[in-house]
Amino acid sequence: MLTELSISGLGVIDSATLEPHAGFTVVTGETGAGKTMIVTALGLVTGGRADSSRVRTGSPRAVVEARIQVDSQSSAAAVVRSAGGELDDGDTVTVVRTVGADGRSRAHVGGRGAPVATLSELTDELIAIHGQSEAISLLRPAEQRAVLDRYAGLDPLVVTYREQREAWRSLAAELTARVEHARERAQREQVLRLGLAEIESVAPLPGEDAELIATVRRLENADALREAVQGSLSALSGADTLSDQPTAVGLVEAARRLLVGSDDPRLAGWDEPLHQASVVLGDVSADLAGYLDALDADPARLEETLARQSVLRGLTRRYGVDADAILAWADDARRELADLDTSEEALAALRARRELAAAELAATAAALSDRRSAAAVTLSAAATAELAHLAMGRAELAVAVARTAGDPVGGDSIQVDGRWCVAGAEGIDQVEILLTAHAGAPPLPIARGASGGELSRVMLALEVVLSDADPVSTLVFDEVDAGVGGRAATEIGRRLALLAGTHQVIVVTHLAQVAAFADRQFVVDSAADGAVRAASVREVSGEDRRVELARMLGGTDGPTALAHAADLLAAASSAPR
C-alpha cells in the first residue's frame, strides 16, 4: 500500500505530505485549494506524462516522493532490484519523480536513477487511478472488452490468441507473397541455384585462399628457402656439412660441461637451463630437417596451385572477399532457397500449415468468445445489483458480446463454428456495455444512455464487482462522485467503504456524504496567497472533522450543518463494511 506521499512545487502546492490509511482515505478542500494535485502527483510517480506547466510558478522543479509498501518476493520488488534499487526495511520502496521548469523529467526507484518507464512497470500492479478521463475511456469498445476480460481472468487466453493470430497471419502473408511474386522469386531462385552450383563445383575449403597464397610463395622461392634452411641447420647442429665450424648445439653443450665440471655449486646450478636450451635447439633442428625434406620445387605443382588460386579468385569476385565469405554466401543462399521455393509441393505444404494455424486460431477464438459470453451474463447481473446500491435501482446494465461477421475472401477472416468471423487483434468479439435507464426504456450504449454522474457510478459499480479479480492494491478515485448528490452520494460513499475492505482506497471528493465513510480524512487549505504549504494539508478527526463536513454540506459551521454532519458520521460508522 501507499504509506506516504510528499509533494513540493506542484501546481498550487508549495509543500505537502499525506499519509493515507490502509483502508479508506478522503482528501477534501475548497475548490481550487489543490486537492486534485494529489491525484496529479500520483500520476507522476506511476509514470504519467510530465508537464512543465504543472511546476509551481517560481519553483525550479516539482518533486513527488512516494513510499510504497510491497511484498519483498513480489514482481514489484523484482523491478526495484533489477533497476539497481533497494527496499527500505525490507518491504518499502521509495519512488521519486522530478519535473523541472524546463520540462526535464527524472525518476528514482529505491535510491537509484531509473527510466520513467520503470515507474509504470513498478506501479502497474500497485496503484490504479480512476478519474473523469478513465470514466470517459470506458466509452471506448476496447476498454469495455478489457473490463470483461479482466473480470473473467482471460488475459492468458488473449495472449495465446494473439500469438496464434500472428503465426496465422505470417503464414498467410508468406503464401500470398509466394503466389503473387512467383516470377520474381523464380528468377531469384535461378540466380541462387546457379551460384550454389558454381561454388559446389569448386568446393572451396575454409581458409583455403590464405593457404594457397602461402603454398605459392613456398613453391616460387623453394631454392632460396632450401638454402636458408640448410644454413640454419649447419649453424645449429652442423647437419649436411663437413665443416669443423662450431655449432649452436655444440657450443651450448661445451658450456654446460665446463660449468658442471667446476667445483662451484652456484655454477653447477646452470646445468638444467643449458640442458633445456640444448633440447630446444635439437627440436628446432629436427623440425627444420622435416621442412627441408617436404620442400617441393615441382613446377607442375606450382602451376596446379596457381590454377586453383585463379578459380578461387573468380568466386571471390562474385560471392565474397575470401573463401570463408564464399561459404557464408552459400549457406545464406540455401536458407533463402528454402523460403523461395514456389513449386506446387512447397505451396501445398505452406497452405496446409496455414490451414492448421487457422484451425488452432479458430479453436482458441471460439473458447475466448464462449468464456466472454458466459462472463458477460454474471458481470451484467453483478453490476446491475451494484447500481441498485448507487441510487440507480431502476437501471440495468448489460454486457453484450457479439461475434464480428467476416467475409470468406477477407484477409482477416476465419471460420468459427461454421461461421466466418473477423479475427481482430483481441478476438472475434465486439463487446458493448448497454444501459437501460428504467423498465420499458430501450437498452442504449453507455456513451448515449448515461449522463456524466451515471457514468461515474457505472465505473464505480464495475470497480466494486472487479475488486476480487483486480491485482491492484491501491485504488485512487478523482471526484468519482461528480454530478451526483443526496442519496446517490451516500451510496457511493458506502460502496467505496466496502471496496476499502479489500483494497486501499484514496478518494478526492467535494461531497460530505462520501467523506463521512472514510477511515481518515485530510483537508487541503490554501493560504492567502493561494499556496498550499506543509501545514495546509492536515488530518482532521473528532470535532475538526465534524466542522469540515459541515462546511462541505453548507459552507457554514452553524448548528444545523454541524448536526447534519454528526448524523452523517453516525450513519457511516454504523454501516456494514
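All of the numbers you see were taken from the coordinates with simple rules; none came from a lab. If you're wondering where the values come from, they're calculated on a predicted model, not measured in any experiment. Positions of Cβ are generated from backbone atoms using ideal geometry, with glycine treated the same way; all protein chains shown enter the neighbour counts.
Shown here is the pair-distance distribution of the chain: with all Cα-Cα distances grouped in 10 Å bins from zero up to the longest one, the shares run 3, 12, 15, 14, 11, 9, 8, 8, 8, 6, 4, 2, 0, 0 percent. At full extension, residue 560 and residue 409 could sit 47.1 nm farther apart than now, given 0.36 nm per residue minus the alpha carbon distance.
For a Förster distance of 45 Å, can you work out the FRET efficiency between the beta-carbons of residue 260 and residue 217, rounded to the nearest 0.05? So, using R0 = 45 Å, E works out to roughly 0.50. The length gained by stretching the chain between residue 52 and residue 175 to full extension, at 0.36 nm per residue less their Cα-Cα distance, is 39.2 nm. Okay, which of segment 377-400 sit inside 16 Å, backbone N to the point 7 Å along the Cα-Cβ direction of residue 502? Counting backbone N atoms under 16 Å from the label point, the list is 378-387. Excluding residue 260 itself, calculate the net charge of residues whose Cβ lies under 15 Å from the Cβ of residue 260, where each Lys or Arg counts +1 and each Asp or Glu counts -1. Neighbourhood net charge equals -2.
Taking amide hydrogens as placed 1.01 Å from N in the peptide plane, the amide H of residue 113 sits under 5 Å from that of no residue at least 5 positions away in sequence or on another chain. Extension gain for residue 438-residue 303 works out to 38.4 nm (0.36 nm per residue, less the C-alpha to C-alpha distance).
On the beta carbon distance between residue 519 and residue 311, with R0 = 51 Å, the FRET formula returns roughly 0.05. Taking θ as phi - 60° and the Karplus parameters 6.51, -1.76 and 1.60, the scalar couplings of segment 505-520 work out to 10, 10, 10, 9, 9, 10, 10, 5, 4, 7, 4, 4, 7, 6, 7, 8 Hz in sequence order, x denoting glycine and proline. Ellipsoid semi-axes for segment 86-164, based on the Cα gyration tensor and the rule √(5λ), read 31, 19, 13 Å when sorted largest first. Taking amide H positions as modeled 1.01 Å from N, with prolines and chain starts lacking one, the residues under 5 Å from residue 420 and 5 or more places away or on another chain are 406.
Remark: segment 199-215, residue by residue, has Karplus-estimated 3J(HN,Hα) of 5, 5, 5, 7, 6, x, 9, x, x, 5, 4, 5, 5, 5, 4, 5, 5 Hz, where x stands for each Gly or Pro and the curve is 6.51 cos²θ - 1.76 cosθ + 1.60 at θ = phi - 60°. For the chain, averaging the sequence separation of C-alpha pairs within contact (under 8 Å, six or more residues apart) and dividing by the residue count gives a relative contact order of 21 percent. Extending 7 Å from Cα along the Cβ direction at residue 321 and again at residue 191 yields two label points whose distance is 2.2 nm. Over the chain, dividing the summed -39,500 (n - 2.57) contributions of all DSSP H runs of at least 4 residues by the number of residues returns a 222 nm mean residue ellipticity of -17500 deg cm²/dmol.
Under 5 Å from the amide H of residue 56 lie the amide H atoms of 10, 11, each residue being 5 or more positions distant or on a separate chain, with H modelled from the backbone and absent for Pro and chain starts.
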